[in-house]
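Below is one structure; the comments refer to it alone.
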Amino acid sequence: MTAAGRRAARRARRLALLRLSVLGSVLAAACATAPSTVNPRGPRAAQIADIWWLSFWLAAAIFLLVMAALGYALFRRRPERWRQPAEQMSPAWQRESGSRFPGQGFVVAGGVVLPVLVLVPLSVYWIVKLIQVAVPPTPPELTIEVTGYQFWWHVRYPDQGFVTANEVHVPVGRPVRLLLKAQDVIHSFWVPQVMGKHDMIPGKTIETWVQADEAGVYWGECAEYCGIQHAKMAFVLVADPPEQFAAWAARQQQPAAESDDPVARRGAQVFARACITCHTLQVGGETVGTAVGPDLTHFGSRLTVGAGILPNIRGNVAGWVGNPQAIKPGNTMPIVELDSESLLAVVTYLESLK
Amino acid sequence: MACPGGRGLALATTLLVLAATTGCGLLGDLAPAPASDARYQPARFQPSDLPGAQPDRGARVMRHAYGCGACHVIPGVTGATGMVGPPLNGWSRRAYIAGNVANTPDNLVRWLQHPQAIEPGTAMPDLGVSEADARDMAAYLFSLR
């Protein structure tokens, strides 16, 4: 190789190395921060992650083994005795060698014995691991009922007596009983870092449990195709330290806040005219409105708007209320005809519902 | 004719040449004008008219801090598909902001911070935009040719 050629080769190698390290750091960063199933924060997700990693490394090892065997098969020098294949398949040869075809022993060993020896213990391991987390370690003290609607989540705390939507709060490190239902079609409740997917089937109440071992906000989503906006049917699971959870639950039990701000009060009137046909509010000990869409009693203190898809900031709320079909076309909330002042008033009112 | 492909090929070639020349004529309005023509000024301002502003930061802040995309279509801002306010494509070529004041960098910075003061009752709320964020966002908008 010429000097110029060697320099070119060195440059090419450095470039390749740079690209690989960029890719590697991107992947590492993605693994570290994304709501990934291999980044578990609760016992159920941890079991799934363990099973996954074992299967991954086992599969990787078998893959390398198979590739090595393939390489050997491709590049070995062919023995002399192979040059008469017709003779090798003759009845006389079969009688003499005791096998149907050359290499039969290898095929039986590698194709039947090895898989059985690998897969049977692996299956037992999987089953045992999943059984271990099928029931909570201690009886849960908290029950949450989540009902899947197209395309949002109705959340009820039956023992505390309040409802919310698109946001589930749990105390850190404690098992919580989940009752999963569906209003219309099959949905699936999934919080990748905390638990596996659980179908929600209309007409059934499916009992399961969840536990988050680290405080934080975890992304959740619908994991069973349920219609045109399945992809934007998300929620958050918030794990709070026990005192914070108790404070949150106490606030949720309060009725809708009444604001002194005149714009918010005007917004309340707009809400009573235009929004109550599909949404509910807890006012003075009773529920006002129709539960076609989410309860909005404490909308102002939620983290997201539109069912987990946008942070709950004023711009996003105005955009959602102004034209929900532009953000999530085909979802159940129609464009509500509001003049601009009414739109801003109702946005201010929603912000005040802490 | 003595050409391979016969009449069909000749006809196709003629049509193609005609289309190309005619097309060039029709599309001439959208083609870049010669740089020497000083009358060509579809975009009066650019990001550099806001010294120190960072357009890339403006795009990020639009998405993460203020939710602009929930109401507006904004090219280059992920998820900006809202249809409550007008789409902001080609912002630098606009003559007016909200059909109200002239589209200049200073007016845009004022508008982003206090739309209700410039056009009371408009659908765009006051979002508590800081001066620095408004300058960065305005710089980004003026980069949309």
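FYI, it's all coordinate maths here, none of it is from the lab. Please read these numbers as outputs of a predicted model, since none were measured by experiment. Cβ placement follows ideal geometry from the backbone for every residue including glycine, while neighbour counts extend to all protein chains displayed.
When each of the peptides A:322-335, A:46-59, A:112-125 is scored by how many other beta carbons lie within 10 Å of its residues on average, the order from highest to lowest is A:322-335, A:46-59, A:112-125. Counting beta carbons within 10 Å around each of A:164, A:2, A:143 and listing the fewest first gives the order A:2, A:143, A:164. Each part gets one Cα centre, and for the stretch A:141-216 versus the stretch A:82-121 those centres are 54 Å apart.
Short-range pairs are left out: with C-alpha atoms under 8 Å and at least six residues apart, the relative contact order of chain A is 15 percent.
Dipole size in debye (nearest 20) for the protein assembly as shown around its Cα centre, Lys and Arg Cβ +1, Asp and Glu Cβ -1? Please list the in-between numbers first.
Values: 43 positive and 36 negative charges, 617 e Å.
Using only the charged Cβ atoms, the result is roughly 2960 debye.
With a Förster radius of 25 Å applied to the beta-carbon distance between residue A:257 and residue A:291, the computed FRET efficiency rounds to 0.80.
What shape does the stretch A:264-354 have by the C-alpha gyration tensor, where a ≥ b ≥ c are the square roots of the eigenvalues, rounded means a/c under 1.5, and otherwise prolate means a/b greater than b/c and oblate the rest? Note, shape of the stretch A:264-354 comes out rounded. A dipole drawn for chain A from +1 and -1 charges on Cβ atoms has a positive end, and of A:332, A:312, A:63 the residue lying farthest that way is A:63. Model label sites at residue A:247 and residue A:7, defined 7 Å from Cα along the beta-carbon direction, differ in position by 6.5 nm.
Per residue of peptide A:318-331, the mean number of Cβ atoms on other chains within 10 Å of the residue Cβ is 5.
Once you sort the root eigenvalues of the Cα gyration tensor of the stretch A:67-197 as a ≥ b ≥ c, which label holds: rounded (a/c under 1.5), prolate (a/b larger than b/c) or oblate (the other case)? Don't jump to the answer; show the numbers that get you there.
Numbers: a/c = 4.52, a/b = 3.62, b/c = 1.25.
Prolate is the answer for the stretch A:67-197, as a/c is 1.5 or above and a/b outweighs b/c.
Please arrange A:260, B:133 by counting, for each residue, the other beta carbons lying within 10 Å of its beta carbon, fewest first. It would help to have the intermediate numbers written out before the result.
On the way: A:260 7, B:133 21.
Least to most surrounded, the residues fall as A:260, B:133.
Straight-line reach from residue A:328: which lysines have a Cα under 27 Å away, not including same-chain ones fewer than 8 places off? Output for residue A:328: A:181, A:197, A:232, A:354.
Just want the answer: with Cβ charges of +1 for Lys and Arg and -1 for Asp and Glu, which residue in A:127, A:297, B:45 is farthest toward the dipole's positive end in the protein assembly as shown? Of A:127, A:297, B:45, it is A:127. Taking a ≥ b ≥ c as the square roots of the Cα gyration tensor eigenvalues, the protein assembly as shown comes out oblate, since a/c reaches at least 1.5 and a/b does not exceed b/c.
Report the antiparallel proportion of the DSSP beta bridges in the stretch A:81-237 as a percent, rounded to a multiple of 5. Provide the component values of the computation, followed by the final result.
Numbers: 24 of 33 bridges.
Once the DSSP bridges in the stretch A:81-237 are tallied, antiparallel ones form about 75 percent.
Between residue A:97 and residue A:51, the modelled label-to-label distance comes to 4.2 nm, taking each label 7 Å out from Cα in the direction of the beta carbon. Using a Förster distance of 41 angstrom, determine the FRET efficiency expected from the C-beta separation of residue A:127 and residue A:183, and round it to 0.05. E between residue A:127 and residue A:183, to the nearest 0.05, is 0.80.
Mind checking the mean number of beta-carbon atoms from other chains within 10 Å of the Cβ atoms in B:123-135? Present the calculation step by step, with values, prior to reporting the outcome.
Working: counts 10, 6, 10, 2, 4, 2, 1, 0, 0, 0, 0, 0, 0.
Partner-chain Cβ atoms within 10 Å, mean over residues of B:123-135: 3.
So if a site counts as exposed when it's one of the GluC sites (Glu not before Pro), its DSSP state isn't H, G, I, E or B, and it has at most 14 other Cβ atoms within 10 Å, what's the longest stretch of chain A without one? Between the exposed loop sites, the longest stretch runs A:1-140.
For A:302, B:145, A:177, which order do you get if you count the other beta carbons within 10 Å of each Cβ and list the fewest first?
Details: A:302 20, B:145 12, A:177 17.
If I rank by nearby Cβ atoms, fewest first, I get B:145, A:177, A:302.
Among the trypsin sites (Lys or Arg not before Pro) within the stretch A:35-120, those in coil by DSSP and having at most 13 neighbouring Cβ atoms inside 10 Å are A:76, A:77, A:100. Taking amide H atoms as placed 1.01 Å from N in the peptide plane, the amide H of residue B:103 lies under 5 Å from those of B:96, B:97, each 5 or more residues away in sequence or on another chain.
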